[in-house]
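What follows is one structure encoded as structure tokens, with my remarks underneath.
The values are calculated or read from the model by the stated rules, or taken from the named source; none is laboratory data. What you are looking at is a predicted structure, and each value in this text was computed from that prediction instead of being measured. When we count neighbours, we look across all protein chains shown, and the Cβ atoms used for this are built from the backbone with ideal geometry, even at glycine.
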Amino acid sequence: MKNKEFDNILDECLERLLVKGESLEQCLERYPEQAAELKPLLETALAAREASAIQPRPDFRARARYQFHSALKEAAAGKGRTSWGWFPRWATVMAIVLVLVLGGGGTVVAADGSMPDSLLYSVKLATEQVRLTLTPSQMGKARLCAQLVDRRVTEIAYMANNGDSQQVEMLTRRLDDKLDLLVVLVGGEEAASAPGMLMAPPTEEAAAPTVPPTTEDSSPSPALAPSPDKGWGGGDSAQNGQNGTRAQLMDTVASDAASNRVALRAVLDEAPESVKGALRRALAVSEAGYDEVLAALEQS
Amino acid sequence: MQDEESLVRRAQKHDQEAFAQIYEEYFDKIYRYITLKIGDAVEAEDLTQQVFLNTLRSISSFKWRGKPFSAWLYRIAHNQVVDYLRKKKKVTVPLEENLVSAGDNPQQSAERKLDIERVLAAARHLTGAQREVISLRFTSEFSIAQVAEVMGKSQGAVKALQHSGIVALRRALTVTQNEE
């Protein structure tokens, strides 16, 4: 009985100390008879509370968020596809040959999940460019482009968590370019007319892909590769079902816009002060760009 | 966070934004809970990630039966920890480089790391039930009623475990300090 009473007093003090923010002295004054017994326990509780200040490492947090969002999208799609599932056989073969020539098969696979602070990132950009170029249909390009937009946002979150504002700025420009391209693609213009983005050779930074595979690379694990539901390429084999495909793309873009907004705002709350300005610009570009893409999809 | 029930219902219908909000709300709390339970911040990362992937897979099976969603989520985390500890024969020791505490300068951070390590090491001397109560109370800010809900125990039993847990923690911390 006495123990039970003390348990209650201890709990009352813990509530006051840890939840209501009272000081140790104030708590002890309320229970002078139990003060001697309470004091060491409350001090220990405070020490345990200190342990609650443990934060996940920023790079882990970014990787985990990326993986979770990929899994989320996979679950929403409700089915898995292989990475090349949407690609015609001839194009698959051609693309594989090209990416092998560009970077080596293992490197390309590893590069897919790499982040901008990785040596393999340039391979990732080159591979994206090749895939974009080889995707045969306008809608397929648009779907692929939407994935690339999603990737850039994830990379922005990752680099912001690392405190690298320059990379955030650079990625924001890439994000802006991809969103512009997506607007053109969903607006019904010919892909080739999109200002030099699709048929151009890989950009300068993407043109040095002969990086050997490395185990020391800081790229995330293969688990961070693009979600299999989306796959790569996205070529439509026929014009049939174009409206349905368009509606699916609109769903995807709307969903990406919402989840990326949540993710970027969450990163903004926790990011180092030095990157917050760049991150706010990225958020603004992302929101405005997604709005534009959705408006273009609705109009056409 | 908006009304949790409607958020969870939306997440059950594959609403990605709703699920993303749940994730952001609970991620750090679940991470701290697991870290204190297993005493290893790096292993806690993998386990935390797995908890949310498991939650994603099984959220459609969650039913509102008067218990909060958090009780269900922490049950998944608890099961993940139990599974981990069963597979692991030997408890791993700390990882100084991976403990991150918020808002400290390097010197303060180093001192705080030591404090955190001491608490994590001391927590290994607690029984499973004591550690569960301490983790939920002090890292996830659960009330006694919520802890009782998660653990399926009476509030009186939880208060008793809280008391004995803090006493055991105190004893272990004192021993550690004397050894130093």
Inset, instruction - Only residues in segment B:24-47 that are more than 7 Å from chain A (Cβ to nearest Cβ) and closer than 14 Å to B:L85 by Cβ count as the first member; pair them with residues that are of a type in the set (D, E, K, R) and crowded, with 20+ Cβ neighbours inside 10 Å, Cβ under 6 angstrom, at least 6 apart or cross-chain, and list the lot. - result: B:K37/B:R131
Inset, instruction - For A:A45, state whether it is in contact with a Leu (Cβ under 7 Å, 6 or more places away or on another chain) and facing chain B (nearest Cβ under 7 Å). - result: yes
Legend entry - Qualifying position, being at pLDDT 90 or above and more than 19 Å from A:F6 (Cβ to Cβ), among A:E37, A:E50, A:E25, A:E29: A:E25
Inset, instruction - Would you be able to say whether some residue in segment B:94-115 is surrounded by fewer than 14 Cβ atoms within 10 Å (Cβ to Cβ) and modelled with pLDDT of 65 or more? - result: yes
Inset, instruction - Examine segment A:255-277 for a residue that is surrounded by 15 or more Cβ atoms within 10 Å (Cβ to Cβ), more than 22 Å from A:S70 (Cβ to Cβ) and at pLDDT 85 or above, and state whether such a residue exists. - result: yes
Legend entry - Breaking point among (1) in the same structural domain as B:K67 (by TED's automatic domain parsing); (2) at pLDDT 85 or above, for B:R86: (2)
Inset, instruction - State yes or no: is A:A111 buried (at least 23 other Cβ atoms within 10 Å of the Cβ) and modelled with pLDDT under 80? - result: yes
Inset, instruction - Check whether at least one residue in segment A:100-107 is crowded, with 18+ Cβ neighbours inside 10 Å, at pLDDT below 80, outside any helix (DSSP H, G or I) and within 29 Å of the chain's Cα centre (by Cα), and report yes or no. - result: yes
Inset, instruction - State whether one or more residues within segment B:8-16 are surrounded by 19 or more Cβ atoms within 10 Å (Cβ to Cβ), facing chain A (nearest Cβ under 9 Å) and assigned to a helix (DSSP H, G or I). - result: yes
Legend entry - When residues of segment B:48-58 are limited to those that are over 14 Å from B:H78 (Cα atoms) and at the interface with chain A (Cβ under 9 Å from one of its Cβ atoms), the one surrounded by the most Cβ atoms within 10 Å (Cβ to Cβ): B:L56
Inset, instruction - Check A:D59 against each of (1) surrounded by fewer than 19 Cβ atoms within 10 Å (Cβ to Cβ); (2) under 30 Å from B:E117 (Cβ atoms); (3) at pLDDT 80 or above and name the one condition it does not meet. - result: (3)
Legend entry - Lone qualifier among A:E37, A:E29 - being within 14 Å of chain B (Cβ to nearest Cβ), surrounded by fewer than 18 Cβ atoms within 10 Å (Cβ to Cβ) and either in contact with a His (Cβ under 6 Å, 6 or more places away or on another chain) or not in a loop (DSSP other than H, G, I, E, B) (or both): A:E37
Legend entry - Tally of residues being over 18 Å from A:L10 (Cβ atoms) and surrounded by fewer than 16 Cβ atoms within 10 Å (Cβ to Cβ) across segment B:129-167: 1
Legend entry - Flag for B:R170 being at the interface with another protein chain (Cβ under 8 Å from one of its Cβ atoms), at pLDDT 85 or above and surrounded by fewer than 22 Cβ atoms within 10 Å (Cβ to Cβ): yes
Legend entry - Residue list for segment A:1-12, restricted to those being more than 11 Å from chain B (Cβ to nearest Cβ) and part of a helix (DSSP H, G or I): A:K2
